[in-house]
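One structure below.
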Amino acid sequence: MKGAIWAQALLENARAVPGFPPSVIVLDGTIAHLAYRAISILPNASARFPRARNGEFGLDEGLAVAEAVRGASGDSAILSIVDVPGQAFGRREEAAGLHLSLAVAVESYVEERRRGRPIFALIVGKAISGAFLAHGMQAGWIGALSDGDVEIHVMPAASVARVTRSTDDEVARIASVVPATARDVATFAAFGALDALFDVIDSRAPAPAEIEQVRAAIDQARREGLGTRAPADRLRRPPAAARRALALDVRRRIDEAW
């Protein structure tokens with residue numbers, strides 16, 4: 001529920017937008033007198049697809065997010081509040097077109113950003129796999145709470161251990177040696193993927209000063225035009241040059257070959 005907590009905390013004069021499933025909260029409001037639409041995914045124990053009942057990003061969620069993004073008023077920026085443990089993997093969900101639902105959510109963010117709508121994301125919990133790709137990764141500016149509950153990766157640690165037949169301790173040891181396999185927010189930031197980290201005492205009960213710090217950072221980023229940057233711009237940041245040198249070299253060689 002941290003997504004709802006932070007969406008409601010950050011927006012001034014917040015009002016809920018009706019017509020969305022219980023698993024998707026959509027709020028319109030302001031930050032520093034500028035219009036924003038905040039969107040976050042919530043657990044829904046009565047969701048019609050069983051694998052999307054614990055906050056996962058499923059079929060209904062993807063379509064709802066796309067509708068929320070495209071339906072924002074012309075002067076509103078989008079603020080994606082991210083706390084998603086992954087996409088809703090399941091036989092029913094896959095057969096019904098889970099990949100298409102995620103794709104339409106991604107497309108909505110990309111199209112609106114390219115049209116000039118500022119897109120911001122704040123990671124307050126888990127940002128795992130395709131769920132993060134569909135909701136948050138396309139933002140021009142990404143911030144995150146410097147909090148132990150924040151986890152960013154392509155797979156949860158438990159899933160990695162199961163797939164690789166490793167213990168949790170072995171997975172943690174590998175992450176300490178190979179940074180790309182780590183899932184903590186500090187390592188993610190070290191690759192140049194984040195624009196800001198915010199210290200909080202209790203992410204489930206943010207203090208007024210902590211809320212104001214995040215608001216101020218988002219407002220400054222919007223006034224500087226950072227919300228419309230493409231994700232590829234993260235590769236040009238100083239941390240990326242230091243920590244992603246091989247990836248940058250591979251990209252350069254591919255560009256030269258093509």
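Odds and ends about this structure:
- Scope the stretch 36-67; condition touching a Pro at 6+ places or on another chain (Cβ under 8 Å) and either touching a residue at least 12 places away in the same chain (Cβ under 8 Å) or crowded, with 21+ Cβ neighbours inside 10 Å (or both); matching residues: L42, N44, S46, A47, N54, G55, E56, D60, E61, A64
- So A105, is it modelled with pLDDT of 95 or more, part of a loop (DSSP other than H, G, I, E, B) and not charged (D, E, K, R): no
- Qualifying positions in the stretch 189-199 - surrounded by fewer than 19 Cβ atoms within 10 Å (Cβ to Cβ), closer than 15 Å to A217 by Cα and among the aliphatic types (A, V, I, L, M): A196, L197
- Search result, residues across the stretch 108-133 that are within 19 Å of T228 (Cβ to Cβ), aliphatic (A, V, I, L, M) and either touching a Ser or Thr at 6+ places or on another chain (Cβ under 8 Å) or outside any helix (DSSP H, G or I) (or both): I119, A121, L122
- The condition (being among the basic types (K, R), over 19 Å from I5 (Cα atoms) and at pLDDT 95 or above) is satisfied by just one residue among R48, R117: R117.
- Identity of the residue in the stretch 47-88, more than 16 Å from the chain's Cα centre (by Cα) and of a type in the set (S, T, N, Q), that ends up nearest to A35 (Cα to Cα): S76
- Checking each residue in the stretch 237-258 for being in contact with a helix residue (DSSP H, G or I) (Cβ under 9 Å, 6 or more places away or on another chain) and within 19 Å of A190 (Cα to Cα) picks out P239, A240, A241, A242, R243, R244, A247, L248.
- A count restricted to the stretch 72-86 and to residues that are farther than 19 Å from I142 by Cβ and either in contact (Cβ under 8 Å) with a residue 40 or more places away in the chain or surrounded by 22 or more Cβ atoms within 10 Å (Cβ to Cβ) (or both) stands at 2.
- Qualifying residue in the stretch 157-172 (condition: assigned to a helix (DSSP H, G or I), at pLDDT 85 or above and of a type in the set (A, V, I, L, M, F, W, C)): no
- The stretch 200-237, subset under 23 Å from R117 (Cα atoms) and among the basic types (K, R), residue surrounded by the most Cβ atoms within 10 Å (Cβ to Cβ): R222
The values are calculated or read from the model by the stated rules, or taken from the named source; none is laboratory data. The structure displayed is predicted, hence computed values, not measured ones. Heads up, the Cβs are rebuilt from the backbone with ideal geometry, glycines too, and the neighbour counts pull from every protein chain shown.
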